[in-house]
Amino acid sequence: MTTEDFLNGQILLIDKPLHFTSFQAVNKLKYALINKAGLPKKFKIGHAGTLDPLASGLLLVCTGKFTKRISELQGQAKEYTGTFYIGATTPSYDLETEIDQTFETSHIDENLIHKTVKQFLGEIDQIPPVFSAIKKDGVRLYEHARAGETVEIASRKTTIHEFEITRIALPEIDFRVVCSKGTYIRSLAYDFGKAMNSGSHLTALRRTKIGDYNVEDAIDVTLFEQTLTAQI
């Protein structure tokens, strides 16, 4: 691709690695495009949907004129795969924080797991995690949480189009979910455990699809940088 191609607009399919923020991934791409592809410092670039540092997978990055398509891309259904750990919760609903409570799991079997899945199909009310970037009174929720402040979080409507259990090896359950914009898989993990009269938190998450875009067609950030070097 030429400098002109990037300015006219491209959708880059990036496979974001673990422990990278989405912002860091975009910044790495921006640096490479400026310094290796000769793009101007103020060219437009942005991603269509944040992935947590503890999640890997598909990040759509728009350049140039295609940044106008970010809202449209963000609205598309997303597919995730991952793992719930049953019998314990954490304040962040994932591995960012330590386990704060443990629960009984002896009553949980395959029948209960598959029965519980059905409760989450379709439109559901979901409360976002307190460790999230949503703003409350102008401050991000995770800042309130890290300061030890308790805040009320309003529930929001979200839609689970597909919810499939792909492996049961208690205390771990692997899943595949297709959901609407704004769905928190961490909250789904927490609510799923609660619905089984137990607890649960997310231990692995990978975004595999956004609309028709598939992570199988994506490239690692570092490999993208190397490909750019090879092209110039």
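The values are calculated or read from the model by the stated rules, or taken from the named source; none is laboratory data. Here the structure is a predicted model, which means the values were calculated and not measured. In this analysis, Cβ positions are derived from the backbone assuming ideal geometry, glycine residues included, and neighbour counts consider all displayed protein chains. Ligands, DNA and RNA are stripped out before the accessible areas are found, and what is left, the full protein with its side chains, is counted by its heavy atoms. Shrake-Rupley method; radii C 1.70, N 1.55, O 1.52, S 1.80 Å.
Tabulated values for the structure
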| item | result |
| --- | --- |
| Extension reserve of the THR50-THR3 stretch, reckoned as 0.36 nm per residue once the Cα distance is removed | 14.3 nm |
| Aspartates and glutamates with Cα under 15 Å of LYS36, excluding same-chain neighbours fewer than 8 positions away | GLU4, ASP5, GLU225 |
| With Cα atoms, 0 to 90° folded angle of helix 185-195 axis to the chain main axis | 10 |
| For region 87-97, 3J(HN,Hα) per residue [Karplus equation, 6.51 cos²θ - 1.76 cosθ + 1.60, θ = phi - 60°, Hz, x = Gly/Pro] | x, 7, 10, 10, x, 8, 6, 8, 8, 5, 10 |
| Per residue solvent-accessible surface (Å²) - the chain, probe of 1.4 Å | 52 |
| Approximate spin-label separation ALA195-THR97, in nm, with each point projected 7 Å along Cα-to-Cβ | 2.3 |
| Karplus-derived 3J(HN,Hα), 6.51/-1.76/1.60, for each residue of region 55-63, Hz, glycine and proline x | 10, 10, x, 5, 10, 8, 10, 9, 10 |
| From phi via Karplus (6.51, -1.76, 1.60), per-residue ³J(HN,Hα) for region 203-211 in Hz, x at Gly/Pro | 10, 7, 8, 9, 8, 9, 8, 9, x |
| Rounded tilt (10° steps) of 110-119 against the dominant C-alpha axis of the chain | 60 |
| Reachable lysines from LYS42, criterion Cα separation under 27 angstrom, eight or more residues apart if same chain | LYS16, LYS28, LYS30, LYS65, LYS68 |
| Fully extended contour minus Cα-Cα distance, from SER106 to GLN74, at 0.36 nm per residue | 7.5 nm |
| Separation of alpha-carbon centers, region 2-40 and region 154-217, rounded to whole Å | 28 |
| Dipole magnitude (debye, nearest 20) for the chain, charges at Cβ of Lys, Arg, Asp, Glu | 1060 |
| Share of carbon and sulfur in the accessible heavy-atom surface of the chain [1.4 Å probe, %] | 49 |
| Segment LYS157-LYS42, extension gain: residue separation times 0.36 nm, minus the distance between their alpha carbons | 37.7 nm |
| Crossing angle, helix 22-36 versus the chain [Cα axis fit, 0-90 degrees, rounded to tens] | 10 |
